[in-house]
């Protein structure tokens with residue numbers, strides 16, 4: 001398992017990251033490069049070592065709430081405007097341990 005303070009830009013195929021959802025921002029609609037639109041929301045994922053922004057898409061947004069304990073498998077880290085973000089991606093998995 002990887003702790004949040006170990007996450008760095010460019011990391012891919014993360015084995016497992018666990019934490020608690022500290023907060024979730026309001027969903028917003030974005031235009032996709034391939035066409036169409038999607039809902040996206042930013043959450044804050046926290047563990048005992050730190051916190052990181054977690055990007056949630058469409059159905060993932062409704063899976064959790066503030067206080068939920070989650071596991072992210074096979075996620076990756078990218079940086080946008082100088083801020084690191086944990087992304088689940090299409091090959092990753094969001095598991096809700098406790099809603």
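Any read-out appearing in this document is the output of simple, stated calculations on the displayed coordinates, not a laboratory observation. Since the model is a prediction, treat every value here as computed from it, not as a measurement. With ideal geometry, Cβ positions are generated from the backbone for all residues, glycine too; neighbour counts draw on all protein chains shown.
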Using the Kirkwood formula over every pair of different C-alpha atoms, what hydrodynamic radius in Å results for region 4-92?
13.3
Which of the peptides 49-55, 93-99 is most tightly packed, and how do the rest follow, judged by the mean count of other Cβ atoms within 10 Å per residue?
49-55, 93-99
Taking the beta-carbon count within 10 Å as an exposure proxy, list 17, 40 from fewest neighbours to most.
40, 17
